[in-house]
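J.: Provided herewith is a single structure, encoded as structure tokens, for subsequent inquiry.
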Amino acid sequence: VTSVPTKRAKSPLRPRYLKLHAVLVFAFLFAPIIVLVVFSFNKAKSGTDWGGFSTHWYSVLAHTPAALQAFRNTLKVAVVATFFATIIGTSAAFALTRFKFRGRSGYSTLIFISLVLPEIVMGVSLTAFYTRFAHVQLNIHTVELAHITFCIAFVVVVVKARLSAFDNRLVEAAADLGATPFQAFLRIVLPLAAPGIFAGAMLAFTISLDDVVITSFTSGPGSTTLPLYIFGQLKFGVSPSINALSTIVLGVALIMLAIAGVFSLRASKRGVGAVDASTLG
Amino acid sequence: MDDGQVGLTDTEQDARPADKPATRRKTPSWLAGNLLLLPTTIWFFFLLIIPTLIIIGYSLGHRGVIVPIRFDWGDLVWSNYKTATNPDFLPIFIRSIVYALVSTIACVLLGFPLAYWIARFSGRLRNVYLVLVIIPFLTSYLIRMYAWQFILQRNGLLNSLLGTLGLGDNHIFLNTHFAVILGLTYGFLPFMILPLYASIERMDKSLVEASYDLGHGKVSTFFRVILPTVSPGLVAGVLLVFIPAVGDFVTPELLGGVKTQMIGTTIYDQFGSGNNWPLGSAMSVLLMLGILVGVFVYLSRVGEEAL
């Protein structure tokens, strides 16, 4: 057996080519987003000619009532959906990780199915349910109910990932030290699960913020959300004000990520663990 | 991991009555579990199961004139399924599968080396690179597809760039197979990288070294050691890309056209301008069935707890 000269050469994939590949893939991932942001500050009215820096399209947006209304609706729906989906999903995750009972895998399968059900199928089935079965008027509340439905599974998955790494000896220790189960839950389990619950809520919020297909089937007059507004505007073609609107949405998502990052950093400093990729995937 | 957790809870419950009797008796496990799942159960019953059953029912109904659907228990027909799989619509199903398959392969080719590099060679900045993968993952899908529309359109950025280079500025990119596959690949690439990263990161490096010590070459080590070890992540990534890609609506709508219709846009049309709910329902059921087969293949490969 020949000896291998350096440690790095031991990889069958050469780091140098891998690094080049990584740079190219990151460029691929970010170039379109950066282009969009840059051109939202373009003075020129049409497409791709650079006419100088301007915030003109942002002030156009600020004077478009429909866009502002859509922005308010989006936030309203996302907050409501995140709140309820986090409560419902977290309790489901607790049930699935901390208790053993018959039918557990059935529940897991149901949650998994809701996760993989194509958006289009969920959209059309909800519109059929609302309009032909429950006979309700489509409005912002039907959108909220729909968003809670598809957010629950994401919260369950993220919180479950966090709880399955949980050391149960801590609860036993608390019990030995005289804590009631409720006290142990409140002072041991909940603080340790908090980063997972927070990550789940963040994911639910971003997914709600982003949804266009299900929203388009469940919203009525006056309950247009921002993605739906953008989608509608696209029928009239690409315009710089959509670039500006998109940049605002990207900004909101980045702020969310930054908050999650700060939170997870503080959590890991307290030794509680980080909101890492594995809890998001 | 999960099973171990449950096992611990279980032993705790078994042990408790012996040393800590009546005072510490908790709610029985099955009751607590079902109570905690009650909100999810009620929610999913009304807003997931019933709506899905309605769609299955509607797929056997008739097209209405004034109302979008005429449904009657005594008069159920299979004809919508025949229409959904006739030569007008079957190619759309096949096209959706081919698009999703090609983009999944593209995601593996782009994502695997990147995930491998981040997991093994990125050094101290590893978390920064991970965040760089997560940012597009959390960025609006619609907006990312709109960005490509902005770039690929007739008077878009790519054409003006090619024009500057003297390669002509009048190429058609939108409404092509290329555009839709590019969009799907771009849209779902993070879904491939994250699970792959997770399983490569967990891989025992000494396995690779052992493989070399035992005389395997690079190719053999890759296919016989690395690939089998990271296969759970690969399977997860493939399904996380393929499943949403096959039923996607936004990408074919924004980057495609009539020639590149996918099943998602077709269902959308049947519930919108086409006003043929029974046909749209039948297509939805077929799509759902296809996805469920995929899910059960996945569950049987990696086990339910990998959810």
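Derivation of every value follows stated rules applied to the coordinates shown; laboratory data play no part. As the structure is a computational prediction, the values presented were derived from the model and not from experiment. Positions of Cβ are generated from backbone atoms using ideal geometry, with glycine treated the same way; all protein chains shown enter the neighbour counts.
J.: For chain A, what class follows from the C-alpha gyration tensor (a ≥ b ≥ c being the square roots of its eigenvalues): rounded when a/c is under 1.5, otherwise prolate if a/b is larger than b/c, else oblate?
T.: Note, shape of chain A comes out oblate.
J.: Suppose R0 equals 45 Å. What FRET efficiency, 1/(1 + (r/R0)^6) with r the Cβ-Cβ distance, do B:Thr164 and A:Gln137 give to the nearest 0.05?
T.: 0.25
J.: Sticking with this structure for a sec: Express the relative contact order of chain B as a whole percentage, based on alpha carbon pairs under 8 Å and six or more residues apart in sequence.
T.: Relative contact order comes out at 24 percent.
J.: Treating only the Cβ of Lys, Arg, Asp and Glu as charged (+1, +1, -1, -1), what charge dipole size does the protein assembly as shown show about its Cα centre? Round to the nearest 20 debye.
T.: Dipole magnitude for the protein assembly as shown comes out near 1140 debye.
J.: If R₀ is 25 angstrom, what is the calculated FRET efficiency for the pair A:Ala31 and A:Ile259, using the beta carbon separation as r and rounding to 0.05?
T.: 0.45
J.: Could you list, in their original order, any pairs among A:Lys45/A:Lys76; A:Lys160/B:Lys205; A:Lys43/B:Lys259; A:Lys43/A:Lys235; A:Lys235/B:Lys82 whose Cα atoms are separated by more than 24 Å?
T.: Checking Cα-Cα distances, A:Lys45/A:Lys76; A:Lys160/B:Lys205; A:Lys43/B:Lys259; A:Lys235/B:Lys82 exceed 24 Å.
J.: Let me know the mean shielding of B:108-115 by other chains, meaning the per-residue number of their Cβ atoms within 10 Å of its Cβ.
T.: Per-residue shielding by partner chains comes out at 4.
J.: Just tell me how shielded B:239-252 is by partners: mean number of partner chain Cβ atoms within 10 Å of each residue's Cβ, no decimals.
T.: The mean count of partner-chain Cβ atoms within 10 Å per residue comes to 3.
J.: Continuing with the same structure: Place the peptides A:36-45, B:51-60 in order of packing, highest mean first, counting for every residue the other Cβ atoms within 10 Å and averaging per peptide.
T.: Going from most to least packed, we get B:51-60, A:36-45.
J.: Taking other Cβ within 10 Å of each residue's Cβ, how do B:Leu142, B:Leu162, B:Leu157, A:Leu250 sort, fewest first?
T.: The fewest-first ordering by Cβ neighbours comes to B:Leu162, B:Leu157, A:Leu250, B:Leu142.
J.: So if I average 1/r over every pair of distinct C-alpha atoms in the protein assembly as shown and take the inverse, what Kirkwood radius in Å does that give?
T.: Hydrodynamic radius (Kirkwood, Cα only) of the protein assembly as shown equals 25.8 Å.
J.: Quote the relative contact order of chain A in percent (integer), defining contacts as alpha-carbon pairs under 8 Å separated by 6+ residues.
T.: 28
J.: Positive end of the dipole of the protein assembly as shown, charges at C-beta (+1 Lys, Arg; -1 Asp, Glu), about the Cα centre: which of B:Val225, B:Ser211, B:Pro113 has its Cα farthest in that direction?
T.: Result: B:Ser211.
J.: Just rank B:Arg70, A:Arg187, fewest to most, by other beta-carbon atoms within 10 angstrom.
T.: Lowest to highest Cβ neighbour count: A:Arg187, B:Arg70.
J.: What are the membrane-span-like helices in chain B by this rule: whole DSSP H runs, Cα extent along the axis at least 30 Å, mean Kyte-Doolittle hydropathy at least 1.6?
T.: Qualifying helices, which must be both long enough and hydrophobic enough, are B:90-121, B:277-302.
J.: Let me make sure I get this right: for the range B:167-307, a, b and c are the square roots of the gyration tensor eigenvalues over alpha carbons, sorted descending. Under 1.5 in a/c it's rounded, otherwise prolate if a/b > b/c, else oblate. Which is it?
T.: The shape class here is oblate.
J.: Modelling each spin label as a point 7 Å along the Cα-to-Cβ direction, I'd like the A:Ser59/B:Lys82 distance in nm, to one decimal.
T.: Here the modelled spin labels are 6.5 nm apart.
J.: By counting other Cβ atoms within 10 Å of each Cβ, how are B:His171, B:His62 ranked from fewest to most?
T.: Ordered by Cβ neighbours within 10 Å, fewest first: B:His171, B:His62.
J.: Using alpha carbon coordinates only, what is the Rg to Rh ratio of the range B:164-224, with Rh defined as the Kirkwood radius?
T.: Rg divided by Rh gives 1.30.
J.: Set the Förster radius R0 to 35 Å, insert the Cβ-Cβ distance between B:Leu101 and B:His171 as r into 1/(1 + (r/R0)^6), and round the FRET efficiency to 0.05.
T.: E(calc), rounded to 0.05, equals 0.85.
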